[in-house]
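What follows is one structure encoded as structure tokens, with my remarks underneath.
The values are calculated or read from the model by the stated rules, or taken from the named source; none is laboratory data. In this text, all values refer to a predicted model and were calculated from it rather than measured experimentally. Cβ sites come from the backbone with ideal geometry, for glycine too, and all protein chains shown count toward neighbours. Side chains are part of the model used for accessible areas, which takes the heavy atoms of the whole protein and leaves out ligands, DNA and RNA. Shrake-Rupley method; radii C 1.70, N 1.55, O 1.52, S 1.80 Å.
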Amino acid sequence: MEEKGKQIRLTSGEISQLWLQYLNDSSSICVLTYFLEKAEDFEIKPIIEFALELSKSHIQKITAILTEEKNVVPYGFNIEEDVDLTAPRLYSDSFVLNFINQMSMVGLTTYAGSVGTSVRSDIRSYYMDCLTETMQLYNRSTELLLSKGLFFRSPSLPNIEKVEYVKKQWFMLDVFGEKRPLVAAEVENLFANLKRNALGVAALTGFSQVAKDKDVKQFFLKGLEVGNKHINLFRGKLEESKLPSPMGWDSEITNSTAHTFSDKLMMFYTSGLIALSVGYYGTAVSQSPRGDLSTMYNRLSLEVQMYAEDGANIMIKNRWLEQPPMASDRDELVRKKN
């Protein structure tokens, strides 16, 4: 139990989540401020403003917690260094609304996990507030997407008329190349991963147009190849079962090549998207009994992790990768003393 009037030190789970959230929200402030500066749709603009207010509030609260605990506050990102608000529009308002909707979904998962890894009552309370706020953002952005006809719903399946049990091993494995129809969870994961990759490909297309560094630009172009390959694989699996798939966002990117975001900021966002892909593919493996799907997701996850290593090397080379909180190196401390 926490002693009355005495603050318990942050656990590794608490400090890691606060540290990462600070980086995420500081980068979001840069991107959302730019989106707000370019927004023209009077219905979408309030959603951007609300998301921006949440990120600013989070930064203030995390800074207060870390300062009180005598932890250094991450450097993160700032508008002066990482975004040019005078740059031309790079993405349409429709893309921005979908981007915020997808990021709010990610936030719901992340904040729920943060509650589960938090022990101190004030940290649990903070993340519960984050969850409530993000649910509001998700609801508002989803309702607006639906009203504008921009929300891509996953396919509907026939009604279940009776309870049935699996009778053959064919349900799990391919027999002579034959495959059973997709179950609901498999459909949803294929559709959702296709949708996320389509949004990621659109984001990387814009990034590749405005990147300055040659290695960074090549990294984004490679990401486009990987993303489009995954999209085609997911779309193929859905089409095998005569199911529809969502459209891409290529038309929602302008032809601007002017400096918009810093290479550091774009690399950070891309690294985050990569990490999300690995997590979502892992979930899809656990929910896909059909052998060809689990094999596909495992293969794609390895491909994404290799791509992530290339990104990490670029960030380390350019001193863009902030070192996360670490345990003490006891061996090094002993060597220093001697």
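Computed values, structure above
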quantity: Filter result for residue 142 (hydroxyl-bearing (Ser, Thr, Tyr) and open to solvent by 60 Å² or more (accessible area, probe 1.4 Å)); calculated: no
quantity: Members of the range 181-200 that are aliphatic (A, V, I, L, M) and touching a His at 6+ places or on another chain (Cβ under 9 Å); calculated: 194
quantity: Flag if residue 127 is open to solvent by 50 Å² or more (accessible area, probe 1.4 Å), in contact (Cβ under 8 Å) with a residue 12 or more places away in the chain and touching a Ser or Thr at 6+ places or on another chain (Cβ under 7 Å); calculated: no
quantity: Of the criteria (1) without any contact (Cβ under 8 Å) to a residue 60 or more places away in the chain; (2) of a type in the set (S, T, N, Q); (3) closer than 30 Å to residue 41 by Cα, which one residue 193 fails; calculated: (1)
quantity: Exclusive hit being in a loop (DSSP other than H, G, I, E, B) and either touching a helix residue (DSSP H, G or I) at 6+ places or on another chain (Cβ under 7 Å) or over 27 Å from residue 185 (Cβ atoms) (or both), set 125, 154; calculated: 154
quantity: Pair list, Cβ under 9 Å, 6 or more apart: the range 200-223 residue part of a loop (DSSP other than H, G, I, E, B), other residue among the acidic types (Asp, Glu); calculated: 211/263; 212/263; 213/263
quantity: Matching residues, the range 249-276, being part of a loop (DSSP other than H, G, I, E, B) and surrounded by 18 or more Cβ atoms within 10 Å (Cβ to Cβ); calculated: 249, 260, 262
quantity: Test: residue in the range 204-217 that is open to solvent by 80 Å² or more (accessible area, probe 1.4 Å), of a type outside the set (Gly, Ala, Ser) and farther than 23 Å from residue 63 by Cα; calculated: yes
quantity: Flag for residue 262 being in contact with a Lys or Arg (Cβ under 9 Å, 6 or more places away or on another chain) and at pLDDT below 95; calculated: no
quantity: Test for residue 190: is it modelled with pLDDT of 95 or more, farther than 26 Å from residue 90 by Cα and either within 19 Å of the chain's Cα centre (by Cα) or in a loop (DSSP other than H, G, I, E, B) (or both); calculated: yes
quantity: Any chance residue 121 is touching a residue at least 24 places away in the same chain (Cβ under 8 Å), small (Gly, Ala, Ser) and buried (at least 18 other Cβ atoms within 10 Å of the Cβ); calculated: no
quantity: Test result for residue 277, within 13 Å of the chain's Cα centre (by Cα), among the hydroxyl-bearing types (Ser, Thr, Tyr) and modelled with pLDDT of 90 or more; calculated: yes
